[in-house]
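Enquirer: Let me give you the structure first, and then I'll get to my questions.
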Amino acid sequence: MYTTFIQHLEQSLFQRFNLQSRPIPTGLEYKVSDRGRNPATIRSWCYQCPELRKIRYTSIDAGASAQILNSVIYPSPHYELPLLGIDFLSFGQVKNLIVMDFQPLFQNEAYLAKYIYPLKALQDKYPELAQDLEMKFYDANQYFSKYLLFAKTDAETVRTRVFTAFKDYLNLYWQMLDSVEPLTNSEDIQRIVKAQKDYDQYSAERDPASGLFSSYFGHEWSERFLYEFLFEDAVPLAAGSVKK
Ligand SMILES: C=CC1=C(C)/C(=C/c2[nH]c(/C=C3N=C(/C=C4\NC(=O)C(C)=C4C=C)C(C)=C\3CCC(=O)O)c(CCC(=O)O)c2C)NC1=O
């Protein structure tokens, strides 16, 4: 379902940046589960370049049961740019959840005006993909923008409109990266380092995928995947404390 999306993402990245592989901890880059109705394969890729500190994307292929593309791009801390977040989930032909956003590190007006407002024109192009759905796991006011794509839709729309919107959002992100002024003051840079860490901590604790990973690949693998790869700057909750 998301193969063409991944191909486009890769092309787009490789054409613009001098990418270097960023290691994925042993055992986390690829795994197959036979627990479900269909075998599930999870595969991840990770890169870095001077402009982008961490580029990761993950696909889950469980045949007709689940098709998923999840990705986060973390800019270098010299750039206060939002993170680029993608979460495309298809469970069978009927349930397709699409989320794509420039994930703001801060919510103050000046920041939003500079880095989030330019998204509005794009969201306006895809009204059917901006459905104002309620968030149950995450807080819509933290690390999300109001111009995100957030929709439940059908498989045909995913192949057509969502693919076009995905390319548009990605292009705007590259444009923004091209025009952003790098920070030079070390305190400003440290503030971005901290904000990106806070994002990892928040996301690791809230991620609704942990149940899905556990059911396919077991609890232990799931925790490693979350804390050693997806959100590696997050610190696991103290052992024995209750999750959420
Ligand atoms: C491989 C990793 C990974 C997977 C497979 C994943 C899956 C995942 N994301 C979900 C929701 C969601 N996912 C997001 C958004 C994001 N989520 C993100 O990881 C990013 C980067 C964004 C930003 C665009 C949102 C907004 C929801 C709805 C959650 C809610 O209702 O609060 C759900 C719940 C779907 C449901 O309601 O049935 C799952 C299982 N999340 C992951 O991190």
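Enquirer: Taking the chain as a Gaussian network, Cα atoms linked when under 10 Å apart, which of 143, 79, 126 shows the biggest mean-square fluctuation?
Expert: Result for the chain, Cα springs under 10 Å: 126 fluctuates most.
Enquirer: Per residue of segment 117-125, what does 6.51 cos²θ - 1.76 cosθ + 1.60 with θ = phi - 60° give for ³J(HN,Hα)? Whole Hz please, x for Gly and Pro, Karplus curve as stated.
Expert: 4, x, 6, 4, 4, 6, 4, 4, 6
Enquirer: PRE reach from residue 97 (point 7 Å along Cα→Cβ): which of segment 24-67 fall under 20 Å by backbone N?
Expert: Backbone N within reach: 36-38, 40-43, 57-67.
Enquirer: Also, quick follow-up: Label-point separation (nm) for residue 175 and residue 120, each offset 7 Å from Cα along Cα-to-Cβ?
Expert: Output for this residue pair reads 1.5 nm.
Enquirer: Out of 83, 177, 212, any idea which swings most in a Gaussian network model of the chain, alpha carbons joined below 10 Å?
Expert: 212
Enquirer: Another question about this same structure. Each residue of segment 68-80 in order: what ³J(HN,Hα) in whole Hz does its phi give by Karplus 6.51 cos²θ - 1.76 cosθ + 1.60, θ = phi - 60°, with x for Gly and Pro?
Expert: Couplings: 9, 10, 10, 8, 9, 10, 9, x, 4, x, 6, 10, 8 Hz.
Enquirer: Which lysines have a Cα less than 28 Å from the Cα of residue 146, not counting those fewer than 8 places away in the same chain?
Expert: Qualifying lysines at Cα under 28 Å: 54, 95, 114, 120, 125, 136, 167, 194, 197, 244.
Enquirer: Do the sum for the chain: with -39,500 (n - 2.57) for every DSSP H run of n ≥ 4, divided by all residues, what is the mean residue ellipticity at 222 nm, to the nearest 500 deg cm²/dmol?
Expert: Result for the chain, helices only: -10000 deg cm²/dmol.
Enquirer: Return the long-range amide H neighbours of residue 66 (sequence gap of 5 or more, or a different chain), with a cut-off of under 5 Å between placed amide H atoms.
Expert: Sorted by chain and number, the residues that satisfy this are 92.
Enquirer: If you scale each eigenvalue of the Cα gyration tensor by 5 and take the root, what three semi-axes come out for segment 3-230, rounded to whole angstrom and sorted largest first?
Expert: 27, 21, 17
Enquirer: Between residue 215 and residue 22, what is the spin-label point distance in nm, taking each point 7 Å from the Cα along the Cα→C-beta axis?
Expert: According to this spin-label approximation, the distance is 3.0 nm.
Enquirer: Counting only residues 5 or more places away or on other chains, whose amide H sits under 5 Å from the amide H of residue 52 once H atoms are built in the peptide plane?
Expert: For residue 52, the qualifying residues are 76.
Enquirer: Across segment 73-140, what fraction of all alpha-carbon pairs, as a whole percent, falls in each successive 5 Å bin from zero upward?
Expert: So the P(r) values, bin by bin, are 3, 13, 19, 26, 20, 11, 5, 2, 0.
Enquirer: Continuing with this model, one more query. Looking at segment 124-177 from every direction and averaging, what is the projected area of its Cα convex hull in nm²?
Expert: Its Cα hull, projected and averaged over all orientations, spans 4.4 nm².
Enquirer: Would you pull out the residues with amide H under 5 Å of residue 130's amide H, same chain only if 5 or more places away, H placed 1.01 Å from N?
Expert: 150
Enquirer: Just to be sure I understand the model, the point goes 7 Å from the Cα along the line to the Cβ. What's the resulting residue 137 to residue 164 distance in nm?
Expert: Here the modelled spin labels are 3.0 nm apart.
Enquirer: Rank 51, 156, 223 by mean-square fluctuation in a GNM of the chain with C-alpha springs under 10 angstrom and give only the top-ranked residue.
Expert: Residue with maximal mean-square fluctuation among 51, 156, 223: 156.
Enquirer: With θ set to phi - 60°, apply the Karplus curve 6.51 cos²θ - 1.76 cosθ + 1.60 along segment 141-150 and write out the HN-Hα couplings as whole Hz, x wherever there is a Gly or Pro.
Expert: 9, 10, 6, 10, 9, 7, 10, 6, 8, 8
Enquirer: Please work out the C-alpha center-to-center distance from segment 128-162 to segment 167-244 and express it in whole Å.
Expert: 19 Å
Each reported figure results from applying straightforward, stated rules to the coordinates on display, with no laboratory input. This is a predicted model, so every value here is computed, not measured. Neighbour counts run over all protein chains shown; Cβ positions are idealised from the backbone, glycine included.
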